[in-house]
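Visitor: Just dropping this structure here.
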Amino acid sequence: MHKICVLPGDGVGPEVTRETLKVFQALSETTGWQVQFDTGYIGGDAIDHCDDALPEDTLAKISECDAVLLGAVGGPKWDDQPPEKRPETGLLRLRKNMKLNINLRPMKIFPALKSMSPLAKIASGEMIPDIMIVRELSSGIYFGKPRYRKEGDDGLYAVDSMTYTQSEIQRVADVAFRIAANRNRELMSVDKANVLETSRLWRETVQQLASEYPTVEVKHMFVDNCAMQIVSNPEQFDVLVTSNMFGDILSDLASVLPGSIGLMPSASLGDEAIGMFEPVHGSAPDIAGKGIVNPIATILSGAMLLRDGLGMDTEASMVEKAVDQALEEGYRTKDIGSHEDRLISTGEMGDLIADHIKQGN
């Protein structure tokens with residue numbers, strides 16, 4: 001028996017998590033997997049209901065679960081709130097509370113969608129990159145202190161601090177090396193060591209750790225060059241490891257390659273047994289409730305939950321195969337479709353993927 005805490009969140013979050021639960025239910029009916037779901041508040045939804053972006057009740061539910069499925073957090077409705085009342089603070093606090101230090105963001109090209117990519121070689125099928133981005137998640141500039149805003153001689157000024165300890169870098173690099181060892185044995189560490197002291201420590205630490213993984217070839221690249229290379233020659237990359245802010249930016253950039261950010265899942269893992277799994281895309285309040293959001297990123301996050309969170313490789317592969325089959329058959333949501341495709345709604349895509357699981361793919 002597994003228990004999953006579901007945090008639908010804001011905007012399209014409830015829609016995409018609903019379709020993922022539909023897929024999980026189909027998996028349960030097909031394989032006999034015993035699973036229970038418990039729902040909690042987070043983000044703007046939690047502020048509206050509980051006056052807190054991360055209520056204690058949500059944390060209590062998470063503590064009793066085996067994994068967390070998150071929808072999306074944030075939206076313009078709460079833009080004018082003070083910092084402590086913004087939805088994103090709930091997500092940052094949750095990551096810290098769950099000790100989620102590492103974020104995995106796979107980017108792969110679906111052969112059925114290769115024409116969606118803006119790159120000619122990918123569109124023609126000559127190049128089909130498959131990249132895993134390993135992002136440090138609980139340190140760096142998003143969490144560094146001091147952080148403040150003050151009045152100075154030239155008016156207001158603000159300070160954010162980027163800090164890293166050697167142990168924090170070792171922790172994420174160790175995971176990246178292990179992932180690389182089980183893929184193509186190539187690891188690219190991304191930093192800005194020509195400018196930043198934290199990046200110089202990052203590079204030194206990764207290089208020192210490399211001796212423990214003799215089968216993995218490690219290289220280093222500046223983040224600005226990496227951004228260009230992801231677009232111009234993505235096939236050169238297998239596993240990327242980088243800091244919190246750089247990973248945030250590069251993974252969003254990489255999401256363009258498959259053709260839609262609606263196809264990009266992620267997993268947040270840490271020191272504890274419980275992981276959190278969520279789509280890379282945001283809350284997209286402009287399309288919330290219209291039934292057009294692509295649920296595939298969240299459904300594939302569900303597959304990562306099964307594999308990386310619960311150790312259920314076979315079941316994860318069933319979900320991934322069902323997604324592939326739906327796309328191969330030409331079914332598309334609005335973000336990845338055209339008038340020539342079989343355009344379907346959010347719910348219909350969830351139904352289709354669930355049905356493929358029930359039918360044994």
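The values are calculated or read from the model by the stated rules, or taken from the named source; none is laboratory data. None of the values given here were measured: they were computed from a predicted structure. Every residue, glycine as well, gets a Cβ built from its backbone with ideal geometry; the counts of neighbours run over all protein chains shown.
Visitor: In this structure, is Phe237 at pLDDT 95 or above and under 14 Å from Ile133 (Cα atoms)? Before the answer, list the steps.
Guide: Details: at pLDDT 95 or above: yes; under 14 Å from Ile133 (Cα atoms): yes.
Answer is yes for this residue.
Visitor: Ok, one more. Residues of the stretch 41-61 being buried (at least 24 other Cβ atoms within 10 Å of the Cβ) and either among the small types (Gly, Ala, Ser) or in contact with a strand residue (DSSP E or B) (Cβ under 9 Å, 6 or more places away or on another chain) (or both), which ones? Spell out the reasoning first.
Guide: Initially, the stretch 41-61 is screened for residues buried (at least 24 other Cβ atoms within 10 Å of the Cβ), giving 42-45, 53-54, 58.
Ile42, Gly43, Gly44, Asp45, Ala53, Thr58, listed by residue number.
Visitor: Which of the residues belonging to the stretch 113-126 are among the aliphatic types (A, V, I, L, M) and either closer than 30 Å to Leu269 by Cα or loosely packed, with under 15 Cβ neighbours inside 10 Å (or both)? Spell out the reasoning first.
Guide: Of the residues in the stretch 113-126, the ones among the aliphatic types (A, V, I, L, M) are 113, 116, 119-120, 122-123.
Of everything in the stretch 113-126, those that are among the aliphatic types (A, V, I, L, M) and either closer than 30 Å to Leu269 by Cα or loosely packed, with under 15 Cβ neighbours inside 10 Å (or both) turn out to be Leu113, Ala120.
Visitor: Let me ask another. Among the residues of the stretch 280-289, is there at least one that is surrounded by fewer than 17 Cβ atoms within 10 Å (Cβ to Cβ), assigned by TED's automatic domain parsing to the domain that holds Gln170 and either without any contact (Cβ under 8 Å) to a residue 40 or more places away in the chain or touching a Ser or Thr at 6+ places or on another chain (Cβ under 6 Å) (or both)?
Guide: No: the stretch 280-289 contains no residue that is surrounded by fewer than 17 Cβ atoms within 10 Å (Cβ to Cβ), assigned by TED's automatic domain parsing to the domain that holds Gln170 and either without any contact (Cβ under 8 Å) to a residue 40 or more places away in the chain or touching a Ser or Thr at 6+ places or on another chain (Cβ under 6 Å) (or both).
Visitor: So, one more: Residues in the stretch 80-114 that are in contact with a helix residue (DSSP H, G or I) (Cβ under 7 Å, 6 or more places away or on another chain) and either among the aromatic types (Phe, Trp, Tyr) or farther than 30 Å from Leu305 by Cβ (or both): how many?
Guide: 2
Visitor: Something else about it: Which of the numbered conditions does Asn97 fail, given that it passes all the others? Conditions: (1) touching a residue at least 24 places away in the same chain (Cβ under 8 Å); (2) within 23 Å of Ser260 (Cβ to Cβ); (3) surrounded by fewer than 19 Cβ atoms within 10 Å (Cβ to Cβ).
Guide: (2)
Visitor: So for the stretch 83-91 (the condition being touching a residue at least 40 places away in the same chain (Cβ under 8 Å), within 20 Å of the chain's Cα centre (by Cα), within 21 Å of Leu253 (Cα to Cα) and not in a helix (DSSP H, G or I)), does at least one residue qualify?
Guide: no
Visitor: Can you tell which of Met318, Met304 is more than 16 Å from the chain's Cα centre (by Cα) and farther than 30 Å from Asp79 by Cα?
Guide: Working: Met304 fails: more than 16 Å from the chain's Cα centre (by Cα).
Going through Met318, Met304 in turn, the sole match is Met318.
Visitor: Considering every residue within the stretch 134-142, establish whether at least one is without any contact (Cβ under 8 Å) to a residue 60 or more places away in the chain, surrounded by 15 or more Cβ atoms within 10 Å (Cβ to Cβ) and either of a type in the set (A, V, I, L, M) or not assigned by TED's automatic domain parsing to the domain that holds Leu92 (or both). Walk me through how you get there before you give the answer.
Guide: Quick first cut of the stretch 134-142, residues without any contact (Cβ under 8 Å) to a residue 60 or more places away in the chain only: none.
Checking the stretch 134-142: not a single residue is without any contact (Cβ under 8 Å) to a residue 60 or more places away in the chain, surrounded by 15 or more Cβ atoms within 10 Å (Cβ to Cβ) and either of a type in the set (A, V, I, L, M) or not assigned by TED's automatic domain parsing to the domain that holds Leu92 (or both).
Visitor: Can you tell me how many residues within the stretch 318-347 are surrounded by fewer than 16 Cβ atoms within 10 Å (Cβ to Cβ) and without any contact (Cβ under 8 Å) to a residue 12 or more places away in the chain?
Guide: Matching residues across the stretch 318-347 total 4.
Visitor: Please specify each residue of the stretch 187-228 satisfying the condition of being part of a strand (DSSP E or B) and more than 21 Å from the chain's Cα centre (by Cα). Write out each step before concluding.
Guide: Filtering the stretch 187-228 for residues part of a strand (DSSP E or B) gives 187-191, 217-222.
Correct list: Glu217, Val218, Lys219, His220, Met221, Phe222.
Visitor: What is the number of the single condition among (1) touching a strand residue (DSSP E or B) at 6+ places or on another chain (Cβ under 9 Å); (2) under 19 Å from Gly13 (Cα atoms); (3) assigned to a helix (DSSP H, G or I) that Asn294 does not meet?
Guide: (3)
Visitor: Do you know which residues across the stretch 146-175 are part of a loop (DSSP other than H, G, I, E, B), exposed (fewer than 11 other Cβ atoms within 10 Å of the Cβ) and out of contact with any Asp or Glu (no Cβ under 9 Å at 6 or more places or on another chain)?
Guide: Kept after step one, since they are part of a loop (DSSP other than H, G, I, E, B), are these residues of the stretch 146-175: 146-147, 153-154, 160-165.
After this cut, where a residue has to be exposed (fewer than 11 other Cβ atoms within 10 Å of the Cβ) as well, the list is 146, 153-154.
Correct list: Asp153, Asp154.
Visitor: Then there's this: For the stretch 28-58, which residues satisfy the criterion of being out of contact with any Lys or Arg (no Cβ under 9 Å at 6 or more places or on another chain) and either of a type in the set (A, V, I, L, M, F, W, C) or outside any helix (DSSP H, G or I) (or both)?
Guide: Selection gives Gly32, Trp33, Gln34, Tyr41, Ile42, Ala46, Cys50, Pro55.
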